[in-house]
1. Which far-off residues, 5 or more places away or on another chain, put their amide H under 5 Å from the one on ALA20, with H placed in the peptide plane?
2. Quick one: in the chain, what % of C-alpha pairs are over 36 Å apart?
3. Highest mean first, what order results for 86-97, 17-28 on Cβ atoms within 10 Å?
4. Hey, can you rank 3-14, 58-69, 36-47 by average C-beta count inside 10 Å, highest first?
5. Based on alpha-carbon centroids, what's the gap between segment 117-170 and segment 10-43 in Å, whole number please?
6. Residue by residue through segment 209-225, which ³J(HN,Hα) values in whole Hz follow from phi under the Karplus form 6.51 cos²θ - 1.76 cosθ + 1.60 (θ = phi - 60°), with glycine and proline marked x?
7. Run lengths n ≥ 4 of DSSP H only: what is the helix-derived mean residue ellipticity at 222 nm for the chain, with -39500 (n - 2.57) per run over all residues, to the nearest 500?
8. List the trypsin sites (Lys or Arg not before Pro) in segment 194-268 that DSSP assigns to loop (not H, G, I, E or B) and whose Cβ has at most 16 other Cβ atoms within 10 Å. Which are they?
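What follows draws every value from the coordinates through simple rules; no lab data is involved. None of these values were measured; they are calculated from a predicted model. Ideal geometry is used to build each Cβ from the backbone, glycine not excepted, and the neighbour counts take in all protein chains shown.
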Amino acid sequence: MSNIAKAFEKKSSDGKNRAAFIGFVTGGDPTIEKSEEFILEMLRAGADLVEIGIPFSDPIAEGPVIQAANIRALKNGATVEKIFGLVESLRKKTETPLVFLTYLNPVFHYGYEEFFTKCQSVGLDGIIIPDLPFEEQAEVRDAASRHGVDLISLIAPTSEERVREIAKTASGFIYLVSSMGVTGVRSEIKTDLGSIIASIKDVTKNAAVKIPVAVGFGIHTPAQAAEIGKIADGVIVGSAIVKIVEKYGEEAGEHIYQYVKEMVGVLE
């Protein structure tokens, strides 16, 4: 069983599988050291997997909250090498799955083989690249696979006709985008997620390795998490956590812990 798969094997109080809670931070916001602290606070609160954003100057899938976090991190000296160092340091303290969220430019600039060699050496489990088209994944996927890193596919609400094709090659987990647009909290999520998840499961049900489906983009309240946790294998929360960092800065740790603990609680 892969390390990512273990995140989706958690049990609720009644002994049934529960949805995994996946949290996100922008690496280096406000500092590398604080990012490590915030991630450890999420894990202490019960997070099952953590996405770490590699700061980038043009994060096209992100809304204003995470865009601002990228700018803060870059201004404070965050680099790809420092984010690798963050993962390496975390690996000395936890075996919880860790995944990068980044854009293709930093990976391409680093060199695919070199980048994924480094991922393997520091103990990274997976990577999400929002601006990597499905049709152009092969080269990146091959390099990632050689080094034991799952390339996690995104499926958007407009991808219905392509769901089967994307799901067939999925690894780690499938990131189902809840709504059209960029990241950011939403008061309502109106997409028929249930039917999309059913389509994905229809493809992956006979796969040798189970591919979980986690939903992200816009989830920020316990009520939303509880509702999505009933139909999905995982709940992804990003902007809401980054907003806590924006509000409290270096003092955000305890606030992140309390927020994540509440969110995980509704999934139990």
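1. GLY234, VAL235
2. Taking all Cα-Cα pairs of the chain, the fraction more than 36 Å apart is 6 percent.
3. Top of the packing list down: 17-28, 86-97.
4. In descending order of packing, they fall as 36-47, 58-69, 3-14.
5. Each part's Cα centre sits 21 Å from the other's.
6. Using θ = phi - 60°, the values come out as 10, 5, 10, x, 10, 10, 9, x, 6, x, 6, 8, 10, x, 5, 5, 4 Hz.
7. The helix-only estimate for the chain comes to -13000 deg cm²/dmol at 222 nm.
8. LYS205, LYS210, LYS230
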